[in-house]
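Notes follow once the structure below has been shown.
The values are calculated or read from the model by the stated rules, or taken from the named source; none is laboratory data. Remember, predicted model here, so these are calculated numbers, not experimental data. Ideal geometry is used to build each Cβ from the backbone, glycine not excepted, and the neighbour counts take in all protein chains shown. Please note that ligands, DNA and RNA were not included when accessible areas were found on the heavy atoms of the full protein model with its side chains. Shrake-Rupley method; radii C 1.70, N 1.55, O 1.52, S 1.80 Å.
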4 protein chains.
Amino acid sequence: MTTASIVGGSGYGGGELLRLLLAHPCVEIKQVTSRSHLGEYVYQVHPNLRKRTQLKFSDPGALEPVDILFLAQPHGQAQHHIQEYAKLSPRIIDLAADFRLRDAALYEKWYGEKHAAPEWLSKFVYGLPELHRADMLAAKYISGVGCNATASNLALLPLVKAELLDFSSPIFIEIKVGSSEGGAEGNSGSLHSERANVIRTFSAFGHRHTAEVIQEMGLSPQCISLTMTAVDVVRGVLATAHAKVKAGVVTKDLWKAYRAVANENPFLRVVKEQRGIYRVPEPKILAGSNYSDLGFELDESNGHIVAMCAIDNLMKGASGSAVQSMNLMMGWEETLGLEFMGLHPI
Amino acid sequence: MTTASIVGGSGYGGGELLRLLLAHPCVEIKQVTSRSHLGEYVYQVHPNLRKRTQLKFSDPGALEPVDILFLAQPHGQAQHHIQEYAKLSPRIIDLAADFRLRDAALYEKWYGEKHAAPEWLSKFVYGLPELHRADMLAAKYISGVGCNATASNLALLPLVKAELLDFSSPIFIEIKVGSSEGGAEGNSGSLHSERANVIRTFSAFGHRHTAEVIQEMGLSPQCISLTMTAVDVVRGVLATAHAKVKAGVVTKDLWKAYRAVANENPFLRVVKEQRGIYRVPEPKILAGSNYSDLGFELDESNGHIVAMCAIDNLMKGASGSAVQSMNLMMGWEETLGLEFMGLHPI
Amino acid sequence: MTTASIVGGSGYGGGELLRLLLAHPCVEIKQVTSRSHLGEYVYQVHPNLRKRTQLKFSDPGALEPVDILFLAQPHGQAQHHIQEYAKLSPRIIDLAADFRLRDAALYEKWYGEKHAAPEWLSKFVYGLPELHRADMLAAKYISGVGCNATASNLALLPLVKAELLDFSSPIFIEIKVGSSEGGAEGNSGSLHSERANVIRTFSAFGHRHTAEVIQEMGLSPQCISLTMTAVDVVRGVLATAHAKVKAGVVTKDLWKAYRAVANENPFLRVVKEQRGIYRVPEPKILAGSNYSDLGFELDESNGHIVAMCAIDNLMKGASGSAVQSMNLMMGWEETLGLEFMGLHPI
Amino acid sequence: MTTASIVGGSGYGGGELLRLLLAHPCVEIKQVTSRSHLGEYVYQVHPNLRKRTQLKFSDPGALEPVDILFLAQPHGQAQHHIQEYAKLSPRIIDLAADFRLRDAALYEKWYGEKHAAPEWLSKFVYGLPELHRADMLAAKYISGVGCNATASNLALLPLVKAELLDFSSPIFIEIKVGSSEGGAEGNSGSLHSERANVIRTFSAFGHRHTAEVIQEMGLSPQCISLTMTAVDVVRGVLATAHAKVKAGVVTKDLWKAYRAVANENPFLRVVKEQRGIYRVPEPKILAGSNYSDLGFELDESNGHIVAMCAIDNLMKGASGSAVQSMNLMMGWEETLGLEFMGLHPI
């Protein structure tokens, strides 16, 4: 068995990771740390884990060596301790934003501060297997992914890969998100009585995850915009991207591009039905699943394309991609421990 | 007292209208019709009206003359009976889509069928007081408004009126809607177990309400697109419009334009706060209210503007605007019977 | 105009009260206090009030004399300052729990501490007009009501008044509540991601509101039990009471008892339909309304009665009853300012 | 591989069963029937299954022999065709209510009609493994369970097994349920706009599932009552049972009784925490899981016990128990294919 520990296990990303690793056939969990819940059973914070583990939250200062170390802390902490972590484990997967960007200047621009360990940025592979599968096979350090960035990158992936987009037109990505994105701490606007029933466009542009879309899709910052709207669900992200295709591109070309990426990637699915209730990608049915559902509509009269991507922000947008990355890094079957299909209805 | 009747009172628009007219100080309701609920007390269908009225649904074939007739039937019926209705009442306000468009060709293009009474189109004033207040003072026939069209038109109004938009760039309007838009009949996708928790982009483009935005904002069909996403609320529409402002336009210009329309219109409010939970327009707090909350964010680096409008689809997007139109038509105070402030929290 | 001020206006009860008083035809609001939001516009906290008032939150230490003073602070504060408040205003209505109980010993038992101003307890009338209308006409000091107590008391009222209950059997009241009961501060369990989708029986028995049911219904503490379950709504309480009727009592007797209380009380309605969707009392349609909907089912085979009461916890369960009490105290029409019918659908 | 087919696979119970069997390591699915969706891919109805199976719905009239046949039709159909089904398969598990009751008279009383195949009633084992594990090991025919009956039976199980209840007092069970209980067909009250935000006590007593509680707990019909309240979730049941314990029973006795049943049953857990958010059983975290969480509170002053049980109605309350029953019947590990832990947050 491969040993693994999780630094920062009381948050939502850490809890989801814990759930996945507990069920993973090749992994044995050694430690899960939490300062605020030190000594408590992990199931007291993540009640779904009751009767599945007797693990208690341990002290982050007392970490023992393991085969693979997961960092699931709030953003901004890992970069200050990465040297220590690297001494404890030959392989690190960081779910936070600390090592997602390759360029320290890009980091500084979007995060408003100098990076504390810029020399480490080049050692990390960006943690979306659909974009960096080959690199992951040989990687020691893999970053996390922003959930909104992931929905955006996967919405654009078939179009960018097949070179169908007209980059002279701007790309507007409208992203609708659930409350679990706000984390287990929340803020005054996260109170149920204030957050229920919302349709709240809380960020018109400037969201930090934009940097990951710029980097991974190779876009000019001027041409891409992410707009974030909070809606009344707990889990789930839907990205609806508006862009222009190149002159002459028709629906048939798009089908070909989408089918290609779905065939190459076990967790990508194309959803575009003519009948039934579920004709387009929807995060609703993806809770707990690592799938990313993709769809599109093309207005052939003017080349306007609406490209959609639905994910569970805590799975494909965080912990699911981390486990998928681990599988690749370790040479295991890519889908191992990620077989849950999601629920209908829910 | 002015007498009024409602044709089609068992639907959501008709029910909301009934609630407003029951509380209106100048109106006496004579009849409310419903074929499917004939003979039932109106409060059996609209339980909020219990102890407020002993009205029963009457036969639409037995309408009596009144001072003002409201039509709240499903789309496509009023145009076949408009002559008869005009004999019963000197003033008609139609909530359906039958008389919203001035151009029979535009109607045919978006509704896929010839209009049954094209000669009546020019007799109707489009039912959004913020756009046609002066005309309403002398009108006899006023149409309804599409709820999504209303959120879109009001999102664009300050920008169009002040001539701040660069029409050479496309306008993408992302609209999030609640389930009451689907009406009291619904479809298989409206079942709670399928509709709860959704983020469902059910119409990428081509929604019929687009025609009203084209007509009222004077836009080229090629430059405007409405994308509809269903979310888990019952009431409420948020339109988030993406567009480009003309070169040189800065935030200060936008403040001026927004304040101008808010000052001229009692139900328009500008919401753009730097603190607190409610910094942007949100439909959540508008349930039952006739307000339309407007907001914006401008990226001065590239001229990208995100303009937001929140309404209650059954109020400002339907029955509230109808009552406001009636007030103008009758020469009454514009806000009469529309004083409800909405609730917080909800 | 009668002048009124609200001490503690940034909470949910205070905000709802403010909404009602702003629309009240006989009242002019002088001050609304809040320590934490001092100097902010009230609409920044209660966004539904935007464009309806330019009031700012003022310092509770700078209260001026008024005709009627409303106290809407968290429980436990008013009893320490009641002397000062009484100097500022001849009439006081307190929404908190400080003066609801007549007996200092009962207070100590349920609240776990000695009352700070026991000599004031006898000066207050319990604030439910349906129970103390006559006393209110002459009252100077009126307490608030617990929302769960109100739903329970009104569920039992027709049965107790008509002396139909067999008190030798216990009365179990199952109460389902929305998140606004938790107040604008909330706790870790109030975070949307933890509070959404809940069915959480957070108090099996021992809830403080039980004391108000014991006092007002004249029950033995041993025979009454309130069980609280949180569900996924913001506003609303449904009390479902299980009890036994006296031998020989049949459904006809119950109809008589229910109709009697509904006839005597403008805000009580009996809901017991054989058809349609809304056959039983439901808080859903009561948001913003002061109605209390009552219903019942009797199993004649064993005398088991299920008595239901639905209210909006912030209206009939708090601020609505307070305004209704004020109307009686001032000799005004009881329903003044409380005419809002509630919404359907919502 | 053991072959299995599902009759009636387009409903919610059938869909959940299909999901579980697709992931089961010992089962191969041969056919899934549906008249209304004949020829469609199963993933068009159950979109979570996309990319996991290419099965299409087949004709129920063209069933082939299999090792185990699951019946997931609406209630009332299986009893008319049981002879034919028995020729096709040596083992049958029926999810509907047709064969849950052992006594034809009890069936007639609660279902209001004569049973069509009373001679088959004694051949079936009631499908709750926690009650009939031993019998299932040798069974050929196993019935389904009512979801509300299951929540009730498991809430009472520790108390009944340890003989702690005082049956001279009535047992009131308050059950809160999600919308998926209404099935994929629903009714007018199931429309999202009418069903959202509800707290609707739709059945005060007389619910058919009561018969299963009477039968399985060995109760007198006079002493037990189930009251059903619909709340705004899709999945989940919480039963809150009110009863009296025998004189002298204290909390320590209850802990012993609860721990005993939890130790003997892999899917039963006791939830009774002094800290954290999740102190009591809640269905929220059980979506997709086969766990049943049990909790209790005892008022030692009067012997009133509140016993709680939370389940996912489609899992432990239907398809999960069916798969668990199959595992026992086939001599497999009881938990096989039922390992999903549920999600937090959700």
Site residue B:256, offset 7 angstrom along Cα→Cβ, radius 16 Å on amide nitrogen, limited to region B:136-174, gives B:158-165
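Please work out the average accessible area per residue across chain A, using the 1.4 Å probe convention, and give it in Å².
Numbers: 11020 Å² over 346 residues.
Spelled out: the 1.4 Å probe surface of chain A, per residue, equals 32 Å².
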Cα-based Rg/(2.2 N^0.38 Å) for region C:209-336, rounded to two decimals, is 1.13
Of region C:34-74, those with amide N under 17 Å from the point 7 Å along the Cα→Cβ vector of residue C:117 are C:60-74
Spelling it out for residue D:91: with amide H atoms placed in the peptide plane at 1.01 Å from N, the residues 5 or more places away or on another chain with amide H under 5 Å from its amide H are D:69
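Average partner chain C-beta neighbours within 10 Å, per residue of A:177-186?
Across A:177-186, the average partner-chain Cβ count within 10 Å equals 5.
Using only protein heavy atoms and a 1.4 Å probe, how much accessible area in total is buried between A and C, to the nearest 100 Å²?
1200 Å²
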With the dipole of region C:62-138 defined by +1 on each Lys or Arg Cβ and -1 on each Asp or Glu Cβ, the option from C:65, C:93, C:81 whose Cα lies farthest towards the positive pole is C:93
Eigenvalues of the alpha-carbon gyration tensor of region D:92-174, times 5 and square-rooted, give semi-axes in Å, largest first, of 24, 18, 11
To the nearest 20 debye, region D:31-178 has a Cα-centred charge dipole, built from +1 on Lys and Arg Cβ and -1 on Asp and Glu Cβ, of 480 debye
The distance between the Cα centres of region C:209-271 and region D:306-346, in whole Å, is 38 Å
With the full set of protein chains present, the residues of region A:296-319 whose 1.4 Å probe accessible area falls by 40 Å² or more relative to the chain alone are A:304
Measure of exposure for residue A:199: accessible area at 1.4 Å probe, Å² rounded to 10, is 0 Å²
The whole-number value in µm²/s of the Stokes-Einstein translational diffusion coefficient for region C:136-207, with Rh from the Kirkwood sum over alpha carbon pairs at 10 °C and 1.306 mPa s, is 103 µm²/s
For the protein assembly as shown, the percent of accessible surface on carbon and sulfur atoms (probe 1.4 angstrom, ligands and nucleic acids excluded) is 50 percent
Flagged as over-length at 30 Å C-alpha distance, from D:51/D:176; A:284/D:114; C:30/C:316; D:30/D:123, the pairs are D:51/D:176; A:284/D:114
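Quick one: compute the contact order of region B:177-274, relative version, from alpha carbon pairs under 8 angstrom and 6+ residues apart, as a percent.
33 percent
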With +1 at each Lys and Arg Cβ and -1 at each Asp and Glu Cβ, the charge dipole magnitude of the protein assembly as shown around its Cα centre, to the nearest 20 debye, comes out at 0 debye
quick note, region D:104-257, DSSP beta bridge pairs, % antiparallel (nearest 5) is 55 percent
Cα extents of the protein assembly as shown per principal axis, largest first, Å, are 82, 79, 65
Toy charge model, Lys and Arg Cβ at +1, Asp and Glu Cβ at -1: chain B dipole around Cα centroid in debye, rounded to 20, equals 400 debye
Mean per-residue count of partner chain Cβ within 10 Å for D:269-278 equals 5
Computed over chain B, the relative contact order (Cα-Cα under 8 Å, seq sep at least six) in percent reads 17 percent
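For region D:266-346, go through all pairs of different Cα atoms, get the mean of 1/r, take its inverse, and jot down that Kirkwood value in Å.
13.8 Å
Percent relative contact order of region B:116-225, based on C-alpha pairs within less than 8 angstrom and at least six residues apart? Display every interim value, and only then the final one.
Working: 72 pairs, mean separation 32.7, N = 110.
Value for region B:116-225: 30 percent.
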Only helices counted: for chain A, with every DSSP H run of 4 or more residues adding -39500 (n - 2.57) and the sum spread over all residues, [θ] at 222 nm is -8000 deg cm²/dmol
Long-range share for region D:45-106, i.e. C-alpha pairs more than 19 Å apart as a percent of all pairs, stands at 44 percent
Inter-copy distances for residue C:108, label 7 Å out on the Cα-Cβ vector, sorted ascending, nm, one decimal, are 6.4, 6.8, 8.8
Here the alpha-carbon Rg of chain D over 2.2 N^0.38 Å rounds to 0.97
At the level of C-alpha centres, the distance separating region C:126-160 and region D:30-90, in angstrom, is 58 Å
Label points for residue C:168 built 7 Å along Cα→Cβ; distances to same position in the other copies, nm, shortest first, come to 1.2, 9.2, 9.3
Plugging the Cβ-Cβ distance of residue C:263 and residue C:75 into 1/(1 + (r/R0)^6) at R0 = 25 Å yields, to the nearest 0.05, a FRET efficiency of 0.10
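Please list D:173-180, B:245-252 highest first by mean number of surrounding beta-carbon atoms within 10 Å per residue.
D:173-180, B:245-252
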Using a 1.4 Å probe on heavy atoms of the protein chains only, the accessible area for residue B:161 in Å², nearest 10, reads 120 Å²
Quick numbers on region B:130-174, Rg and Dmax over C-alpha atoms in Å, give 13.2, 38
One residue of chain C has its C-beta nearest the axis rotating C onto A; that residue and its distance in whole Å are C:192, 2
Percent antiparallel among DSSP beta bridges confined to chain C, rounded to 5, stands at 50 percent
Note on region A:246-346, DSSP bridge orientation, antiparallel percent to nearest 5 equals 70 percent
Inter-copy distances for residue B:300, label 7 Å out on the Cα-Cβ vector, sorted ascending, nm, one decimal, are 4.5, 7.0, 7.8
Distribution output for region A:1-71: share of Cα-Cα pairs per 5 Å bin in percent, first bin at 0, values 4, 19, 32, 28, 14, 3
Counting only backbone N atoms under 15 Å from a point 7 Å out along Cα-to-Cβ of residue B:36, the residues of region B:179-213 in range are B:180-191
For peptide D:165-175, the mean count of other chain Cβ atoms within 10 Å per residue Cβ is 3
Taking only the alpha-carbon positions of region D:145-279 as identical scatterers, the Debye log10 I(q)/I(0) at q = 0.09, 0.14 Å⁻¹ comes out as -0.31, -0.72
Long-range alpha-carbon pairs in region D:12-129, meaning those over 26 Å apart, account in percent for 25 percent
For region C:146-212, the charge dipole (Cβ of Lys, Arg +1; Cβ of Asp, Glu -1; about the Cα centre) points to a positive end, and the Cα of C:153, C:182, C:170 closest to that extreme belongs to C:182
Between the residues C:8, C:26, C:309, the Cα farthest towards the positive end of the dipole of chain C, that dipole coming from +1 and -1 charges on the beta-carbon of Lys, Arg, Asp and Glu, is from C:26
